[in-house]
1. I want to confirm something. Restricting to region 94-148 and keeping residues that are touching a Gly at 6+ places or on another chain (Cβ under 8 Å) and in a helix (DSSP H, G or I), which single residue is surrounded by the fewest Cβ atoms within 10 Å (Cβ to Cβ)?
2. Of all residues being at pLDDT below 95 and hydrophobic (A, V, I, L, M, F, W, C) in region 75-106, which is farthest from the chain's Cα centre (by Cα)? Just the residue, please.
3. Collect the residues in region 2-47 that are at pLDDT below 60 and of a type in the set (Ser, Thr, Tyr), keeping them in residue-number order.
4. So which of Ala82, Ala88 ends up being part of a loop (DSSP other than H, G, I, E, B) and either within 18 Å of Leu152 (Cα to Cα) or among the hydrophobic types (A, V, I, L, M, F, W, C) (or both)?
5. When you scan region 48-71, do you find a residue that is surrounded by 14 or more Cβ atoms within 10 Å (Cβ to Cβ), β-branched (Val, Ile, Thr), part of a helix (DSSP H, G or I) and at pLDDT 85 or above, even just one?
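The values are calculated or read from the model by the stated rules, or taken from the named source; none is laboratory data. Keep in mind it's a predicted model, so treat the numbers as computed, not measured. A quick note on method: Cβ atoms are made from the backbone with ideal geometry, for glycine too, and the neighbour counts reach across all protein chains shown.
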Amino acid sequence: MRQQKEESYKISDCRGFTLIELMVVMVILGILAGLIVPRIMDRPEEARRTKAEIQIQSIEQALKLYKLDNGQYPTTEQGLLALVQPPATGTLAKKWRTGGYLEKGKVPKDPWDNEFVYISPGVHGDYDLSSYGADNQPSGEGKDADINSWEL
């Protein structure tokens, strides 16, 4: 009987954590969260900027195909819409490709759900293609910085 009591004390001593052990674990988790969470939180914005760069490069390829077929880039007035439907204003497309130049038959919006800015002729080349970033305003810094075709 005495041996049973001693064994029951041993079992009960091993079942729980002390308050100090729990506090140490909580402090360690807090330190890890403080180091890791800020790094993870910037990832979505970085992913949006990368997506915008890829979209600009894709639109640039479509613009080059349009120029090969028609001898010139769409004008600012015609805009990027000329890549998905034949332009009705300005110099009309000579050999506009059936089905257009962009997949899915529509001009994509940037990752912040805004229109890309297209100017032709551009200040930096034959055309300028930009996304104004998270704030949808020209220029800006950090997450609000513009993404421009001539800087890629």
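1. Ranking the candidates gives Gly105 first.
2. So the residue we want is Leu92.
3. Across region 2-47, the qualifying residues are Ser8, Tyr9, Ser12.
4. Every option except Ala88 fails the conditions.
5. Yes - at least one qualifying residue is present in region 48-71.
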